[in-house]
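Read through the structure below, which is laid out as structure tokens, and then see the notes.
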Amino acid sequence: MISLGSLFGPSSPPLVGLDISTSSVRLVELADAGKGELRLERYASEPLARGVVVDGNIENIEAVSDAVLRVWKKSGTRIKHVALGMPPAAVITKKIILPAGLAEDQLEVQVESEASQYIPFALDEVSLDFDVIGMAANAPDDMEVMLAAARREKVEDRVAIAEAAGLAATVMDIESYAARAALERVIAGPAGMPKDRVHALFQIGAQATHVSVLQNGETIYEREQPFGGIQLTQDIVRSYGLSFEEAEARKRAGDLPDNWRTDLLPPFLENAALEVTRAIQFFFTSTPYTRIDQIWLAGGCAMLPGLIDIIAGRTRIPTALVTPFQGMQMGPAVREQQLRNEAPGYLVACGLALRRFG
């Protein structure tokens, strides 16, 4: 079996989380602070030029690896083992039922046999991984196994990026799984995971918004919508005659003419609220669920002023930013003021960094 890269297995610490998105590369290093607490040691980001990563596909390995090397140096970390993420659309996951008590080699044979039924590619073109979830409900002789498969070339692209930057890809995760792990830690807090509450996570990226709905630690719904911050950047380009790269940089820094908050931002916020409302309606109409208790916002656009208020007002659901480092100690290299302005964009990187702890 060609492994997907310890997708489900334990990590080999120490490692750092490395999130490669459409618009940037983000790195997070976490450490064990003792007594069940974590410490954020370092974090950093580097922008990516437009077209370098498109729809999760690496179009320019050299440009991305250069950005990875820059972000690794900027962070100040010395750890060279990294956990990387795969876009959810690039990974096929399927929960299957197999006889309990199979030996490891028998389990691999069974998984490959099952995989051939669900994967629309030849098995020699994919990387596979699996995890035994536990005993199947109402079937004491069977067990539930999570199967994951991705085109081998997409996995190898990310491994090549790490290697070109002098790093070692130790863990390959799914970005939505990493985001869920980081969010669940925040939701649970010191009191533990609240029972039966329904949480909707909206990760608003550059080109797409990924929606995940969670209950009791399980993902009960996922969807991706073609809406992202690139639309606001394009509005800035058209209005002020800037290059795309300059518009993106000035948007991140808040260095724009005063009228952008009155002329450009409100229409984008309205569209964002409409996309969130539509996603919630799709969730209600395609599942048995009739409520969402909490909306969480993450991604590079989550910090836009007014976004929380307009979404909460349109949906009438409590809405908040995800601060993935909530409850963690801060290392001496962390600039807390800057972190407060950037934290929601580090949700996936934080979830990947959590793989250090198994």
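The values are calculated or read from the model by the stated rules, or taken from the named source; none is laboratory data. Here the structure is a predicted model, which means the values were calculated and not measured. Here Cβ is always computed from backbone atoms with ideal geometry, including for glycine, and neighbour counts include all displayed protein chains.
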Suppose we keep only residues that are touching an Asp or Glu at 6+ places or on another chain (Cβ under 6 Å) and in a strand (DSSP E or B) within the range 210-227. Which one would you say is modelled with the lowest pLDDT? Gln225
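Only one residue in Gly5, Gly9, Gly17 is modelled with pLDDT of 95 or more, outside any helix (DSSP H, G or I), under 17 Å from Ala181 (Cβ atoms) and touching a strand residue (DSSP E or B) at 6+ places or on another chain (Cβ under 9 Å), so which one is that?
On the way: Gly5 fails: modelled with pLDDT of 95 or more; Gly9 fails: modelled with pLDDT of 95 or more.
That would be Gly17, the only listed residue that is modelled with pLDDT of 95 or more, outside any helix (DSSP H, G or I), under 17 Å from Ala181 (Cβ atoms) and touching a strand residue (DSSP E or B) at 6+ places or on another chain (Cβ under 9 Å).
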Please work out if Leu242 is touching a helix residue (DSSP H, G or I) at 6+ places or on another chain (Cβ under 7 Å), without any contact (Cβ under 8 Å) to a residue 24 or more places away in the chain and either on the phi < 0 side of the Ramachandran plot or outside any loop (DSSP other than H, G, I, E, B) (or both). yes
Residues of the range 260-315 satisfying the condition of being closer than 18 Å to Val213 by Cβ, in a helix (DSSP H, G or I) and at pLDDT below 95: none
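So in the range 149-201, with the set limited to residues that are assigned to a strand (DSSP E or B) and small (Gly, Ala, Ser), which one is nearest to the chain's Cα centre (by Cα)? It would help to see each step written out before you state the result.
Taking the range 149-201 and keeping what is assigned to a strand (DSSP E or B), we get 149-151, 168-174, 198-201.
Remaining after also requiring small (Gly, Ala, Ser): 149-150, 168-169, 200.
On the way: Ala149: 18, Ala150: 17, Ala168: 20, Ala169: 17, Ala200: 14 Å.
Ranking the qualifying residues of the range 149-201, first place goes to Ala200.
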When every residue in the range 29-55 that is free of Cβ contacts under 8 Å to residues at least 60 places away in the same chain and assigned to a loop (DSSP other than H, G, I, E, B) is compared, the one surrounded by the most Cβ atoms within 10 Å (Cβ to Cβ) is Leu48
Please verify whether the range 98-106 includes one or more residues that are modelled with pLDDT of 85 or more, in a strand (DSSP E or B) and surrounded by fewer than 20 Cβ atoms within 10 Å (Cβ to Cβ). yes
Scan the range 112-159 for residues that are touching a Lys or Arg at 6+ places or on another chain (Cβ under 9 Å) and surrounded by 15 or more Cβ atoms within 10 Å (Cβ to Cβ) and report the count. 11
Selected residue (only one of Ala169, Ala179, Ala165 is farther than 21 Å from Leu354 by Cβ, crowded, with 18+ Cβ neighbours inside 10 Å and outside the structural domain of Arg291 (by TED's automatic domain parsing)): Ala165
Close pairs (9 angstrom Cβ cut-off, 6 or more residues apart or separate chains): under 12 Å from Arg26 (Cβ atoms) in the range 333-349, part of a helix (DSSP H, G or I) and of a type in the set (S, T, N, Q) anywhere: Val348/Ser176
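Which one of these is surrounded by 16 or more Cβ atoms within 10 Å (Cβ to Cβ) and under 19 Å from the mean Cα position of the chain (by Cα): Ala298, Ala273?
Values: Ala273 fails: under 19 Å from the mean Cα position of the chain (by Cα).
Of the residues listed, the single one that is surrounded by 16 or more Cβ atoms within 10 Å (Cβ to Cβ) and under 19 Å from the mean Cα position of the chain (by Cα) is Ala298.
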